[in-house]
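The values are calculated or read from the model by the stated rules, or taken from the named source; none is laboratory data. Quick caveat: nothing in here was measured; it's all calculated off a predicted structure. Cβ coordinates were reconstructed from backbone atoms using ideal geometry, including for glycine residues, and neighbour counts include every protein chain displayed. Each accessible area value is taken on the protein alone, full model and side chains, heavy atoms only, with ligands, DNA and RNA left out. Shrake-Rupley method; radii C 1.70, N 1.55, O 1.52, S 1.80 Å.
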Amino acid sequence: MAALLAEFEATRDLYTELMQAAKDIQAGLCHVVYSPVAAARKNTGMSPEEFAELLGVPVSTLEEWEQGRAPPERSRSHAGGGRSR
């Protein structure tokens, strides 16, 4: 598997791939996944760093939420989670 990946990477033309991607975007052939987390951050006008600090999470976690790779979960490590009363 690693050999196949290495062969593929060795023969890639990144410039051509990027130019095709730009054309696809201009032609409306791509779709943007809506992220309520990203929308909320943008509505605040905060940077990713500021918003992550406000939420009490690492910037990498915020990025995963915004990009849809992981759902936000309430836990002790996140803002407001796990506080005893």
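Every condition in (1) aromatic (Phe, Trp, Tyr); (2) within 10 Å of the chain's Cα centre (by Cα); (3) open to solvent by 40 Å² or more (accessible area, probe 1.4 Å) holds for residue 65 except the one numbered (3).
Of the helices (runs of 4 or more DSSP H) that lie entirely inside the stretch 1-58, those containing 1 or more residues that are under 22 Å from residue 74 (Cα atoms) span 36-44, 48-55.
The number of residues in the stretch 22-37 that are within 15 Å of residue 65 (Cα to Cα), open to solvent by less than 100 Å² (accessible area, probe 1.4 Å) and free of Cβ contacts under 8 Å to residues at least 24 places away in the same chain comes to 1.
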